[in-house]
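Peer 1: Please find one structure pasted underneath; my questions will follow.
The values are calculated or read from the model by the stated rules, or taken from the named source; none is laboratory data. This is a predicted model, so every value here is computed, not measured. Here the Cβ is made from the backbone with ideal geometry for all residues, glycine too, and neighbour counts use every protein chain on show.
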Amino acid sequence: MITAGIRNQMVQVNTTTKEIRVFTPPPPNPLGDLQPFNDFYSGPNGMYFTQTTGNVISYFDYATEKFTNYPVPTPEGSPLGMFYASDGMAYFAEFLGQKLGRLDPATGTITEFPLPASLLGPAVIRVETEGRYIWFTAFLGDGLGRFDMQTGEVAAYTYPVPLAFPSEDTLSGDGRIWISTATQNTLVYFNQSTSAFTSIVKPQTAVVAPVSLPFEFNIGINYGPGNAIWFTEAITNRIGRYQL
């Protein structure tokens, strides 16, 4: 399934028959979700996704093909970065609310956890380690955050190059946490043992910081397929691979 953020829809593509089906969730308000920031993450029996401008977490049940909406308690929290964790909870970042949210699928209850200013603008949760920690990017805080699912404790790690705007994160097979940097043409990894960041500058970059030239606008990053980091360049309209 894919999202069509501008239209506030979910699209299902049958890879065998090529059939395309479109599902439109009931809007939480007349605006619905007018931004293409909504994203989703699969749970055991359905898909959890954010409606950013609608300030709602939604769930699509695979069997019934019905939607359920869960309003975010903080007004204008702007949920992003949906993630279904091993504890059976659905987590999300509140970009403007400066919190992490946790949805209990069994009860429909949302619990919020305030974040320190050093993790300003939490954006995307895509990493879990040790069956206990989830990791998220701090877009405006130039950092990486770690949330302990058992205790609720938050740890912050600041990337040393300012104005990088970390966007997404991913976990490689050797345990390193990688982040994309929206304004800088770099692939960055975080070593959990040393708490150190290492930056890899992409070829043909003339200026690295504060804004790289030529500007590529790095957003998406993912480990695999293969032992490689895959990334997007929105300005150049390219997908890149860094072999590990």
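Peer 1: Based on this model, can you work out whether residue 118 counts as surrounded by 14 or more Cβ atoms within 10 Å (Cβ to Cβ) and hydroxyl-bearing (Ser, Thr, Tyr)? Let's see the steps before the verdict.
Peer 2: Numbers: surrounded by 14 or more Cβ atoms within 10 Å (Cβ to Cβ): yes; hydroxyl-bearing (Ser, Thr, Tyr): yes.
In short, yes.
Peer 1: Only residues that are farther than 26 Å from residue 42 by Cβ and among the hydrophobic types (A, V, I, L, M, F, W, C): list them for region 120-160, please. Please lay out each step first, then the result.
Peer 2: Step one: of region 120-160, the residues farther than 26 Å from residue 42 by Cβ are 120, 140-143, 151, 153, 155-160.
Answer for region 120-160, where residues must be farther than 26 Å from residue 42 by Cβ and among the hydrophobic types (A, V, I, L, M, F, W, C): 120, 140, 155, 156.
Peer 1: Within the set of pairs 6+ apart or on separate chains, which have a first residue in region 106-119 that is within 12 Å of residue 72 (Cβ to Cβ), a second that is acidic (Asp, Glu) and surrounded by 11 or more Cβ atoms within 10 Å (Cβ to Cβ), and C-beta atoms under 9 Å apart?
Peer 2: Short answer, once both residue conditions are applied: 110/104; 111/104; 112/94.
Residue-by-condition table, conditions (1) in contact with an Asp or Glu (Cβ under 6 Å, 6 or more places away or on another chain); (2) part of a loop (DSSP other than H, G, I, E, B):
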{"site": "189", "(1), (2)": "no, no"}
{"site": "197", "(1), (2)": "no, no"}
{"site": "216", "(1), (2)": "yes, yes"}
{"site": "226", "(1), (2)": "no, yes"}
{"site": "235", "(1), (2)": "yes, yes"}
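Peer 1: Yes or no: residue 54 under 17 Å from residue 150 (Cβ atoms) and part of a loop (DSSP other than H, G, I, E, B)?
Peer 2: The answer is no for residue 54.
Peer 1: What number of residues within region 207-244 satisfy the criterion of being surrounded by 14 or more Cβ atoms within 10 Å (Cβ to Cβ), over 29 Å from residue 128 (Cβ atoms) and among the hydrophobic types (A, V, I, L, M, F, W, C)?
Peer 2: So the answer is 4.
Peer 1: Taking residue 183 and the conditions (1) assigned to a loop (DSSP other than H, G, I, E, B); (2) within 21 Å of the chain's Cα centre (by Cα); (3) over 20 Å from residue 240 (Cα atoms), which numbered condition does it fall short on, given that it satisfies the others?
Peer 2: (3)
Peer 1: Out of (1) more than 17 Å from residue 84 (Cα to Cα); (2) at pLDDT below 85; (3) in a loop (DSSP other than H, G, I, E, B), what's the single condition that is false for residue 65?
Peer 2: (2)
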